[in-house]
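The values are calculated or read from the model by the stated rules, or taken from the named source; none is laboratory data. Computed from a predicted structure; not experimentally measured. A quick note on method: Cβ atoms are made from the backbone with ideal geometry, for glycine too, and the neighbour counts reach across all protein chains shown.
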Amino acid sequence: MSPRAGRPAPAVSFEDRMATVEFRVADEPHITVDGDTCRGCTTRACVTACPANLFVPMADGGILFNYEQCFECGTCYLICNTAGAITWRYPEGGHGVVFRRS
Ligand code: SF4
Ligand code: SF4
């Protein structure tokens, strides 16, 4: 049995956890968002669903998106209900998010 079994996990703040995450940013984005397609979107589900807060609604109805601090969770691709709004793939080898244990 693990020596930690039965004990509550130590409290770690989001900021402390994020301090252990590294992003190896590729030159080419692994996710692209078609802002023109997004202008017709009524849910803007990506804005609230992305755990990294990478989708920002614009006043003109479009979406501002930045791929550089993406967790590669795939939530945005799954939750978007508009065909063609998001293209998604994993970053090329050696790039992307690196989760480290603190
Ligand atoms: S990415 Fe999808 S969910 Fe997000 S604003 Fe565009 S169409 Fe809507
Ligand atoms: S894959 Fe996850 S972290 Fe990356 S943009 Fe989509 S929802 Fe945000």
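Data for the structure
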item: Residue 86 being within 13 Å of ligand 1 (Cβ to nearest atom), modelled with pLDDT of 95 or more and either over 14 Å from residue 97 (Cα atoms) or among the polar types (S, T, N, Q) (or both); result: yes
item: Filtered residue count, the stretch 26-48, keeping only those that are surrounded by fewer than 15 Cβ atoms within 10 Å (Cβ to Cβ), at pLDDT 90 or above and not acidic (Asp, Glu); result: 6
item: Residue count for the stretch 78-88, restricted to those that are near ligand 2 (Cβ under 10 Å from one of its atoms) and without any contact (Cβ under 8 Å) to a residue 40 or more places away in the chain; result: 3
item: Residues being touching a residue at least 24 places away in the same chain (Cβ under 8 Å) and in a strand (DSSP E or B) - total across the stretch 1-59; result: 7
